[in-house]
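Asker: Let me give you the structure first, and then I'll get to my questions.
The values are calculated or read from the model by the stated rules, or taken from the named source; none is laboratory data. Note that this is a predicted model, so its numbers are computed, not measured. A quick note on method: Cβ atoms are made from the backbone with ideal geometry, for glycine too, and the neighbour counts reach across all protein chains shown. With ligands, DNA and RNA removed, areas are computed over all heavy atoms of the protein, side chains included. Shrake-Rupley method; radii C 1.70, N 1.55, O 1.52, S 1.80 Å.
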Amino acid sequence: MKKGLLIVISGPSGVGKDTLVKEYMKSNNAFLSISATSRKIRGNEKDGIDYYFLSKEEFEKRIDEGDFLEYAIYNNCYYGTPKSEIEDLLNKGIDVFLVIEVQGGLQIKEKMSDSILIFIKPPSIEILENRLKNRGFDSEEMIANRLKIATVELEISKKYDYCIINDDLNSSVRKLKSIIDMEKEKRN
Ligand code: ADP
Ligand code: 5GP
């Protein structure tokens with residue numbers, strides 16, 4: 001049986017990563033990994049659906065126990081990919097998406113060289129700012145901080161395998177599908 005593809009999706013907060021992956025998954029079979037985080041729950045997020053919300057201490061205990069495939073500190077909070085399930089799904093031939101930030105993405109590439117790293121870029125910083133404001137989750141100060149982080153992330157994105165500029169959503173979904181199809185063909 002052919003292994004599934006491990007697909008890392010990174011990009012600035014608010015660029016549309018979740019929207020893009022969820023749209024792709026409406027018509028394609030894949031699994032979206034649920035991360036753990038020590039950040040506070042926001043909006044109408046649900047524990048075990050959007051993230052596994054852990055305290056800082058619980059998160060650190062799980063790091064010590066070797067529970068994470070990768071983890072990183074972003075905006076003063078821990079974020080990590082739980083190991084459980086992922087290997088299993090890949091071995092069953094199911095594609096797995098990790099929607100994670102760039103430090104974690106590069107850790108995945110080191111550990112699993114057959115993963116693919118796709119960076120999602122905004123059409124412009126102004127458009128990114130508007131998407132963050134329209135999403136309505138973050139304060140002005142948090143948005144300013146996210147935009148600062150975004151410029152560093154854009155620099156690291158040069159190490160990624162592919163880049164998609166998320167202008168029109170449908171066209172981004174088509175691009176994502178063609179990258180995945182092409183990578184699968186390469187592995188035939
Ligand atoms: P991320 O997961 O990268 O933080 P989201 O998927 O939550 O971003 O999207 C942030 C906001 O931008 C949401 O309000 C979403 O509806 C909107 N959005 C996503 N993709 C697009 C797009 N291609 N064009 C316009 N708005 C978009
Ligand atoms: P947010 O607070 O907006 O949900 O996420 C902040 C950043 O953390 C985003 O770039 C998101 O992709 C990233 N992130 C979410 N889960 C993980 C994870 O498991 N590992 C890493 N390294 N980053 C993650």
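Asker: List every DSSP H helix in the chain whose Cα atoms extend 20 Å or more along the helix's own long axis and whose mean Kyte-Doolittle hydropathy is at least 0.0.
Answerer: Helices passing the filter in the chain: 140-156.
Asker: Assuming a ≥ b ≥ c are the square roots of the Cα gyration tensor eigenvalues, decide whether the chain counts as rounded (a/c under 1.5), prolate (otherwise, with a/b larger than b/c) or oblate.
Answerer: Values: a/c = 1.63, a/b = 1.10, b/c = 1.48.
Since a/c reaches 1.5 but b/c is at least a/b, the shape of the chain is classed as oblate.
Asker: By average Cβ neighbour count within 10 Å, what is the ranking of 26-35, 158-167 from highest down?
Answerer: Per-residue Cβ counts within 10 Å, averaged per peptide and sorted highest first, yield 158-167, 26-35.
Asker: Over region 6-187, give the accessible area per residue in Å² for a 1.4 Å probe, as an integer.
Answerer: Each residue of region 6-187 exposes 53 Å² on average to a 1.4 Å probe.
Asker: Around residue 184, what is the net charge, scoring Lys/Arg as +1 and Asp/Glu as -1 over all other residues with Cβ under 13 Å from its Cβ?
Answerer: Net local charge, residue 184 excluded: 0.
Asker: How far is the Cα center of region 105-175 from the Cα center of region 58-104, in Å?
Answerer: The distance from the Cα centre of region 105-175 to that of region 58-104 comes to 18 Å.
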